Structure formats: C-alpha cells, structure tokens
1. Would you kindly work out the equivalent ellipsoid of the stretch 311-392 from its C-alpha gyration tensor and give its semi-axes, the square roots of five times the eigenvalues, largest first in whole Å?
2. Which entries in LYS82/LYS429; LYS257/LYS392; LYS100/LYS332; LYS405/LYS587 show an alpha-carbon gap greater than 30 Å?
3. Please list, by residue number, every one of the GluC sites (Glu not before Pro) in the stretch 428-495 that is coil in DSSP and has at most 14 other beta-carbon atoms within 10 Å.
4. Between ASN597 and GLN195, what length comes free when the chain is fully extended (0.36 nm per residue of separation minus the Cα-Cα distance, one decimal in nm)?
5. Return, ordered by residue number, the residues of the stretch 153-187 whose backbone nitrogen is under 14 Å from a label point located 7 Å along Cα→Cβ of THR204.
6. With θ taken as phi - 60° and the coefficients 6.51, -1.76 and 1.60, list the Karplus ³J(HN,Hα) couplings across the stretch 383-389 in order, rounded to whole Hz; mark glycine and proline as x.
7. Collect residues whose amide H, placed 1.01 Å from N in the peptide plane, falls under 5 Å from the amide H of LYS112; neighbours closer than 5 in sequence don't count.
8. Output the relative contact order of the chain, whole-number percent, from Cα pairs under 8 angstrom with separation of 6+ residues.
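The values are calculated or read from the model by the stated rules, or taken from the named source; none is laboratory data. Being a predicted model, the structure only gives us computed values, none of them experimental. When we count neighbours, we look across all protein chains shown, and the Cβ atoms used for this are built from the backbone with ideal geometry, even at glycine. All accessible areas refer to the heavy atoms of the entire protein, side chains included, with ligands and DNA or RNA removed. Shrake-Rupley method; radii C 1.70, N 1.55, O 1.52, S 1.80 Å.
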Amino acid sequence: MSIQSKHAKLNAWVKEIAEMTQPEKVVLCNGSQAEYDEMIKICVDGGLAIPLNEKKRPGSVLFSSDPSDVARVENRTYIASKTKEAAGPTNNWIDPVELKNTLKGLYRGCMKGRTMYVIPFSMGPVGSNIAKIGIEITDSEYVVANMHIMTRVGDKVMDVLGSDGEYIECLHSVGKPLAKGETDGGKWPCAPIEQKYISHFPETRQIWSYGSGYGGNALLGKKCLALRIASAVAHDEGWLAEHMLILKITSPAGVVKNVAAAFPSACGKTNLAMLIPTIPGWKVETIGDDIAWMKYGEDGRLYAINPEAGFFGVAPGTSDDSNPSAMRSIEKNTIFTNVGLTEDKDIWWEGIGYDAPGKLIDWKGNEWVQDKGNKEQAPAAHPNARFTAPAKQCPVIAPEWEDPKGVAIDAILFGGRRPSTIPLVHQAKSWNHGVFMGSIVGSEITAAALDLKAGTIRRDPFAMLPFCGYNMGDYFKHWIEVGKKSTEDKLPKIFFVNWFRKTAEGKWLWPGYGDNSRVLKWVFQQCEGTGDFVETPIGKMPTVEAIDRPEGVSAEDMKELLSVDKAGWLKELADVRDNHYPKFGDKLPKELMDFLNSVEKALQA
Ligand code: GTP
Ligand code: SPV
Ligand code: MN
C-alpha cells in the first residue's frame, strides 16, 4: 500500500509506514474544499463532530475530545537528540534508538481499521524560500481538517516538492487501532497518557507523535515543526524560530512599526495580535498570533514571517469586548473543540460576554445549566478549549501577512502572567540586556499543558521552555550571537510587559486587552526616540505621565504599575541565581550572569 507521487523517496517512506501501521487504505491529501468537507462528514457521520447551526455558524463544527486528551502533554514530549546534553536540562530526553524502538512497537498495526492520510503541507507561503515543507502521515480526519486551516496543504505543495525536494517527516497516530467491524462509536480516539509520545529527532529532522489527537500534540506543523525542529534548524543556520505573535501598528501620523511578542501559552498573544486600540487614531493589524520565524534582511534588520495560515486560539475569555476581531474570525468555517453547545446548536464558553442561553451540553457531553451562584460549578467549556479558524477571516489581518519577505521588526516584547513584582513595562538597555530579560521570563502556569499545576509560577525563558528543540543554554548563546550580526540601531528594541498585575484583593490592576495599546504607543515612541522615560536599575521605564491612563485606573494604581519593587526584584533575581541559572551549568553565557550581577548591584545601591 502506497501512493504514486513523483517523489520516489516519499513513496518509499509512505510504503514503509503503511507496512508498519497497517491501515485499511492510504490517501494522499490534495488540499481541496471537497477533501475538507469529506473529513468533516466522516467525523459527523461517526459521531465525533456536531455540525453547528448553518444560519449562526455556517460551515462550522464542534468536536469534544477525550478528557485525557485536552492539551499539550509536556511530560510526554521528548527531544531525542543523540546526546542528553544536546537536548539540555529543560527537555525530556530518551536515546533516539531506544525511543524509536519503543515507538515502532506502538506503531505496529496502530492504524488497523483506519485510513492513513498523507498530508503535504507548507509552513510559510508555498514556494517561498523561507517556507519549510512537511509531510504529515496521520490516521485522524480531525487532524487533516485542522491542518487544512492551520497550514497550506495539498497539490501546490507537491508541485514545489517535485521529484526530490526536501521535507520534514511528521508521523502521527491517535494510537487506537480498530478491530474488524469496530468503530469509534462517537468516542474521541486516543491512547492512555503513559502511551502518548510527542517525540522529536532534531538531528534527522523527524517528528514521531503517538497517542494524542489534540492541538500541538497532533497538528505537527505547529509546535513540533515550526518551533521544536525549526529552532534547531535556526540555531544551525543563524536565524530565530520563536513562540511569538507579530503585529503591525500604525500611528495617527501613518508611521508603521512591527512588533513581535513572546508570551507563554495562554498568556495573551492572540489577544494582543488582534487588539483594537482604545487610543484614538492608532491602528493595530495582525500578522501572526503564535509563531514567528525571523531572519536578517540585506539591510541588517530582522524580518519576521508567520509560518501558519490559521489561528488555534484559546476560546474561554474571548468575547466581543476582549477580542472582537477573533469573534469575527470565528463566525464561519471554524472548528471548535471542547466548548459548550447551545440548544440551537451554537457555541458558548465562559467569558464569551453573555450568559448561557438556556440549557447547554458541556464539553464532556453532559447537560449543563448555568448556576451563577455556584462558584464551584465545573465550566461548560474546558479552560483549554480552542477554535481553529483561517487567518484570512480575521478582519484586521495585515495585507502583508503572507509576504514571503516578512516584515522588519522594530520591537520585541517578552511577558508573562505575574500578579506582582514585574512592572507594566520596562525596556532593555541593549540587545544583550534584552536577552537577559528573555532568559528569566516567569509566568503563572495556565491550562495549555495538561500535566502542570495551573496557577503556580515557573520560569519559561523566551516563552520557549516547552518548545526549544535543543539545549536552552545554547539557545541563550544563539540569541547573543544573532545580536552580534547587526548593530543596536538596526536591532529590534526589547521590552518586558506584564498585563497581569493584581491588587491584594485579587483584582486586575490593569484593564488589559485594547488598553494595552497605551503601552504599545510608548513602545512605538521609544522606537522613534520620542518617548518619555527614566533610567532605573532594571532598565528604561516610562515616566508616570508617559502612558495615557485608562478609565478606572487611579493615579495611585498607575504609580504602582510603573514603579520598581526593589524587594520583589531582589527576591526574583535571587531565585534566578539559586534555582534557574544553575540548571544550565557552563552552557550559561557569561553575558547573562554579568547582567544578573549588575542589575542586582544597581538594585542594592
Ligand atoms: P497560546 O495559543 O496558548 O500560545 O496562547 P496565547 O498567548 O495566544 O493566549 P491568548 O491570547 O489566547 O490568551 C489567553 C487568555 O488570556 C484568555 O483567556 C484571555 O482572555 C486572557 N488575556 C489575554 N490578554 C489579556 C489581558 O490583556 N489582560 C487579562 N487580564 N487577560 C488577558
Ligand atoms: C500553546 O500551548 O502554546 C498553543 C496551543 O499555542 S498548542 O497548539 O496545543 O500547542
Ligand atoms: Mn502557543
């Protein structure tokens, strides 16, 4: 069983995998609308998907996954480089030969009773020299449909591949073979946790994923290829593959700046990328909401592209108030996973901006009636429920979002969820100071990873902790090396932001969302050299008057948001010194230790 493409190596690989996994049949995906419709029909007929109200949500469906398969699984994610040192202290490592043996055992016969789909896909505009081609083999129709939205799929990719083009092997199975005559019976197929393996072989540029059908575990173009494998490639080739949104901001005078921002999972990238400014005359447009690939142009500036074609966005909290552009993006042709279902077959989730309209079916398939008096009520939508929507449906998508040249990046933001200590915004004094800032990012853990305890703070350097395909110490070094290839005047300015400060009573100190434009305005001005700022021990900070104060924020709150909490910072840096940096041993670049020492000294002065 195989495919008859022009690409002999691909045909041979498909044959080898088909012999191992023993599917009913093999299909080479062409990327057509008919193919997408067929995938959805198979899921609907099999009871895995529910078509939504054609009047309210045309072309859209709802999937509900197995409760054991609702997010990325970091403790089942592996970087199987030849040596443990190459994977580094922050990745799970298994010897690649051993891991492949284990996986081959699991893959043997794992597609029995299913169709094996071969998905040619491009990360980045098809045929551009910045794009990377992957071939995902999967036994999941849900994956095929999602890949249609999230990447560029099909014949046009095969044309670029020709008879001997290079591609990255991405092998995926839900890990649930079917006996003769057996069907899924409407139950989301996956394997138990201890059989899930999200494995990466960076030296051979291969991805082998087994046992999960959800998100980043299964849509292998996204975190596996565009971040874990691409970061290793980028390290070798001198560019950057980052967990960053890309946005274009235009001032009232018509001046454009492009901003990239790295925040950990479920910490506000999609929201910032689509923000509608609350300050008059300013405009923000979206280029990407999750991943940026950045390379130098001939002018010595860093240019970024969004390698994806869609949004796999967090549903809960998305509303007409918080993110109207996302709400418009998901009006049609959208796949919803693990949200609530209304009686008239529309979707609902916590924080959608209105009460549940009557009885719902929750993400677990049970009847659910909103009880606002009961703070303990289990949510109708899983906290990591997601929508998959085409980027071209976003009303504020920037015209250059598919430009293979990318956009020149003026500013890079780092951030995370920090209820205390970290101010609303501060700016690095230099590129390397910015690398120091990125290396110490900390954030409250969110629901985006299944095996972590939400709410506790962990270090998530560059928001790449779960996504760096090699030794994070070498990654820090790589950022410093990238900076050496240009000059400070051409390099992006680096900032650290925190929308998530809370009062002692647990209320947000900063309204966030559209009001984050006030911070973007200062970032813009700093890039122009027109912002008002003061030098502090942690970096440059706006004067209290430099940021327009939003309604509802008192002058006192503003002062708190924009002051340096010396005691808090000393504690922060002590934690970096005692618990974070030692993990990297002699891989930790000396430059970073120097910044730790000098910032600490300045705070003590
Ligand atoms: P991934 O797709 O997991 O990488 O996440 P992301 O960084 O794109 O996160 P997203 O923008 O989807 O935001 C996740 C959650 O943070 C949502 O529940 C938002 O409502 C909330 N959020 C986003 N921006 C803000 C903000 O400015 N303030 C507050 N308080 N919450 C925010
Ligand atoms: C994240 O967890 O950062 C995501 C969602 O963007 S997933 O694609 O599942 O990784
Ligand atoms: Mn992400």
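1. In descending order, the three semi-axes are 21, 13, 11 Å.
2. Those over the limit are LYS82/LYS429; LYS100/LYS332; LYS405/LYS587.
3. GLU488
4. Using 0.36 nm per residue and subtracting the Cα-Cα distance, I get 140.3 nm.
5. What the label zone holds, given the 14 Å backbone N cut-off, is 168-171.
6. x, 9, 4, 9, 10, 10, 9
7. LEU178
8. 14
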